[in-house]
1. Could you say which residue among 172, 156 is surrounded by 17 or more Cβ atoms within 10 Å (Cβ to Cβ) and small (Gly, Ala, Ser)?
2. Give all pairs with beta carbons closer than 6 Å in which a residue from segment 245-274 that is acidic (Asp, Glu) meets a residue that is at pLDDT below 95 and surrounded by fewer than 17 Cβ atoms within 10 Å (Cβ to Cβ); count only pairs at least 6 apart in sequence or on separate chains.
3. Collect the residues in segment 198-218 that are farther than 23 Å from residue 57 by Cα and in a loop (DSSP other than H, G, I, E, B), keeping them in residue-number order.
4. Looking only at segment 148-181, how many residues end up being of a type in the set (Asp, Glu) and in a loop (DSSP other than H, G, I, E, B)?
5. Against the conditions (1) in contact with a helix residue (DSSP H, G or I) (Cβ under 9 Å, 6 or more places away or on another chain); (2) within 27 Å of residue 103 (Cα to Cα), where does residue 201 fall short? Just the number, please.
6. Look at segment 127-171 and say how many of its residues are free of Cβ contacts under 8 Å to residues at least 40 places away in the same chain and farther than 15 Å from residue 67 by Cα.
7. Of everything in segment 51-70, what is buried (at least 20 other Cβ atoms within 10 Å of the Cβ) and not in a strand (DSSP E or B)? Give them in sequence order.
8. Just checking, how many residues over segment 288-300 are under 13 Å from residue 252 (Cβ atoms), in a loop (DSSP other than H, G, I, E, B) and either in contact with a helix residue (DSSP H, G or I) (Cβ under 6 Å, 6 or more places away or on another chain) or among the aliphatic types (A, V, I, L, M) (or both)?
Amino acid sequence: MKKSDFHYDLPPELIAQAPLPERSASRLLVVPSGDAPLADLHVRDLPGQLRAGDLLVFNDTRVIPARLFGQKETGGRVEILIERLLPDNHAHAQIGASKSPKPGGRIDLDAGGSCQVLGREGEFYELRFDVDDALDSWLIKAGQMPLPPYITRAPGQDDQERYQTVFARELGAVAAPTAGLHFDQPLLDQLQAQGVQFGHITLHVGAGTFQAMRVDDVHQHRMHSEWLNVGAELIQKIRRTRAAGGRVIAVGTTVVRALESAMRDGELQPFAGETRIFIFPGYRIRSVDALVTNFHLPESTLLMLVSAFAGKQRILDAYAHAVRAGYRFFSYGDAMLLFPQANGEGAA
């Protein structure tokens, strides 16, 4: 299986550069199991696709304003993208500079204060920050929202709110769990009023989610590591939902990755820690019964994940339909509601 098997052609003008004024106004492409016809709806129509007793599982991670700019002691300009917060005002980060900074070097930050380069492991540097507050609190005041690389404009004030979900609470991501961006409070209230339940995991999305796969053989790819927490309360809620005949619906691929990482001997178990799980066709997703997700980049690991769930050809056909119909793609784009492939078809 090769990454080129997951290619599709996307006109650049379909890459959403900004959110719609209303979160739930985004379009929703419903992809049923088997060969049932696709349906062109809107996210605000989601209540009509769900039933009382269903369980929506959201990722409650909160995006760090993780992009910083500064200057090396030699005068060279530097861009810093925080990847992960560490104790004692340390962080792992990617650094963009004309010449890679050396261990021991200092970077003076445009927003005030400085950081010292302690070392490097792979593509990530370890930095120690000398700023006037705890690093997480300081970033909220001083950092810039890390919009994805395919959004070509600078972040604006609106992005401080719109690149967060309305239920974000656990600070630690450097990219939004974008399927959750479509849910506003009126939609959540409507779903709850009709008997749909809510649950949450936490998975701190890393910058690696935007990295291109560097090998052509899918089996040779190694995923970046991300931290997650699947709590005991959610596990019990999932078990009660399934026992009562309800469906578990993941809001975003991060929820699928978290729940599948929490599988032990075929059963969901509470789990907190790192995951490098890589889901592609041939892997059977057992933790969820449906998936709300945005459209993903060609040849990306997330496109492979949704192909494992709904079938590769089914997904590629749905993407071709979305391109023809002018759907908006990627983080600020439209959404899909996917149901699993019938009888394991397309699993390999």
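1. Working: 156 fails: surrounded by 17 or more Cβ atoms within 10 Å (Cβ to Cβ).
Residue meeting the stated conditions: 172.
2. Going by the 6 Å Cβ cut-off, the qualifying pairs are 274/225.
3. Matches in segment 198-218: 211, 212, 213, 214, 215, 216.
4. So in segment 148-181, the residues of a type in the set (Asp, Glu) come out as 158-159, 161, 170.
Then drop every residue that is not in a loop (DSSP other than H, G, I, E, B), which leaves 158.
Residues that pass the stated criteria total 1.
5. (2)
6. 3
7. If the condition is that a residue be buried (at least 20 other Cβ atoms within 10 Å of the Cβ) and not in a strand (DSSP E or B), then 54, 64, 65, 66 are the ones that fit.
8. Going through segment 288-300, the residues under 13 Å from residue 252 (Cβ atoms) turn out to be 288, 290-296.
Then keep just the ones that are in a loop (DSSP other than H, G, I, E, B); that gives 288, 295-296.
Imposing the further condition that a residue be either in contact with a helix residue (DSSP H, G or I) (Cβ under 6 Å, 6 or more places away or on another chain) or among the aliphatic types (A, V, I, L, M) (or both) reduces the set to 288, 296.
Number satisfying all stated conditions: 2.
The values are calculated or read from the model by the stated rules, or taken from the named source; none is laboratory data. The model shown is predicted, which means the values in this text are computed figures rather than measured ones. Here Cβ is always computed from backbone atoms with ideal geometry, including for glycine, and neighbour counts include all displayed protein chains.
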